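Enquirer: Just passing along the structure, written as structure tokens.
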Amino acid sequence: MKITAAVAVAPDRPFELISCDLSDDLAPGEVLVRVEACGICHTDLAVKLQHIPVPLPKILGHEGAGVIERVGPGVVGLSEGDSVLMSFGSCGACGQCQLGAPGYCDEFGMINLFGQRRGGSGLRYRGAELGGYFFAQSAFATHAIATARNVVKIGKDLPLALLAPLGCGIQTGAGAVLNVLSPRPGASIAVFGVGAVGMAAIMAAKLTGCSTIVAVDIRDERLVRARDVGATHTVDGRTSDLAKAVAALGSGRGVDHSIDTTGVPEVVAASIACLRQRGSSAQVAAPPRGTRFPVEASVLVGGGLTVRGVVEGDAVPTIFLPRLVDFFRQGRLPLDKIVSFYPFDKINQAVEDMETGAIVKPVLRMN
Ligand SMILES: [Zn+2]
Ligand SMILES: [Zn+2]
């Protein structure tokens, strides 16, 4: 079938909208989704810029939302016409998948970054195969092939485009808080970097009853918006002794929990140094390969600290996304405060606005 897709051609070239072919030959366990919307996540840009060296040209996009047009052999629980959110893919067979930790699937990189699919990506352009199946979807397109494992059915009354970012960015930030740090009511938490992931972490911290929620960023307008979604304090990320400034807000002895979404080594160090004794930190960014974090041993060991790397919020999407949808229905996940919509053909404008910080979370509408 003919589809329209945005292809990443080279690091220094904008996304190009093309008309290409998508095979409608579904393998067992696969579904064909008519994409209504897709969020743009930093991982899309990291691949386009080749900070993650995945071969180009490739169709990216991994926060797709749409309607199932067809189900492949062996798919149960999903049918034509279902509204779905797409999330990351996993093999379902390895030990981590069987233990309910698909974010750490043995095949995570091959499936999600390299888009390995039996029989190829299914995408063809000018007679040659085009890279796709990114995060088992490649949703910068009007149609996508996904799997029953990485789509999550949601109510038909829900706004698909607004909920699209649940599949990666929101799940990552909210999951780090709800699934990993699990703060007690009244706890203190600091969120370093308040893009979409950090904003989701703040919303989740508010849900758990954290009494002190500190947002750290270098952009004033982001800090204002962070207060709007639940931050109780804000700190300018350029403050000279950042760790000390944040620690002072956690009853003087440091904060109970922290999250770093920046991957910037000095900021990561501050996100650990601001913790109180036996505090815990979640590290969720994916900085370029070879990045090292400077951590003072006496702080880590003497403080009895826990520092945890977290992929996709430690979530099982089919279980976690419906919980986030429930919060959204109750008005407790104010995504409208961080999402900005763009028509599909304005994808490069959306990327630019995201990079300059003019907006928090761009979502492309396909029609
Ligand atoms: Zn697996
Ligand atoms: Zn992502």
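The values are calculated or read from the model by the stated rules, or taken from the named source; none is laboratory data. Quick caveat, the model's predicted, so the values are computed rather than measured. Please note: Cβ atoms are built from the backbone with ideal geometry, for glycine as well, and neighbour counts cover all protein chains shown. Accessible surface is based on the protein model in full, side chains and every heavy atom, while ligands, DNA and RNA are left aside. Shrake-Rupley method; radii C 1.70, N 1.55, O 1.52, S 1.80 Å.
Enquirer: Restrict the check to segment 66-81 and report whether at least one residue is surrounded by 16 or more Cβ atoms within 10 Å (Cβ to Cβ) and either farther than 26 Å from Met1 by Cβ or within 16 Å of ligand 2 (Cβ to nearest atom) (or both).
Expert: No, segment 66-81 has no match at all.
Enquirer: Here's a follow-up. Kindly indicate the residue of segment 300-309 that is in contact with a strand residue (DSSP E or B) (Cβ under 6 Å, 6 or more places away or on another chain) and surrounded by fewer than 20 Cβ atoms within 10 Å (Cβ to Cβ) and also nearest to Cys274 (Cα to Cα) among those meeting that condition.
Expert: Gly303
Enquirer: Report, ordered by the first and then the second residue, all pairs with beta carbons closer than 7 Å, sequence separation of six or more or different chains, a first member in segment 347-367 that is without any contact (Cβ under 8 Å) to a residue 40 or more places away in the chain, and a second member that is among the aliphatic types (A, V, I, L, M).
Expert: Asp353/Ile359
Enquirer: Next up: Evaluate the following for Ala282: is it in contact with a strand residue (DSSP E or B) (Cβ under 8 Å, 6 or more places away or on another chain) and either open to solvent by 50 Å² or more (accessible area, probe 1.4 Å) or under 17 Å from Ala204 (Cα atoms) (or both)?
Expert: The answer is yes for Ala282.
Enquirer: Additional query: Just the residues that are under 21 Å from Leu26 (Cβ atoms), open to solvent by 50 Å² or more (accessible area, probe 1.4 Å) and of a type outside the set (Asp, Glu), please, taken from segment 92-130.
Expert: The answer is Ala93, Met110, Phe114, Gln116, Arg118, Gly119, Arg124, Tyr125.
Enquirer: Regarding segment 329-346, can at least one residue be identified that is open to solvent by less than 20 Å² (accessible area, probe 1.4 Å) and assigned to a helix (DSSP H, G or I)?
Expert: Yes: one or more hits.
Enquirer: For the condition outside the structural domain of Leu275 (by TED's automatic domain parsing) and either within 13 Å of ligand 2 (Cβ to nearest atom) or in contact with a Lys or Arg (Cβ under 6 Å, 6 or more places away or on another chain) (or both), what is the one hit in Tyr125, Tyr133, Tyr104?
Expert: Tyr133
Enquirer: Related question: Name every residue in segment 153-175 that is closer than 18 Å to Lys361 by Cβ and either without any contact (Cβ under 8 Å) to a residue 60 or more places away in the chain or within 13 Å of ligand 2 (Cβ to nearest atom) (or both), in order of residue number.
Expert: Selection gives Pro159, Ala164, Pro165, Leu166, Gly167, Cys168, Gly169, Ile170, Gln171, Thr172, Gly173, Gly175.
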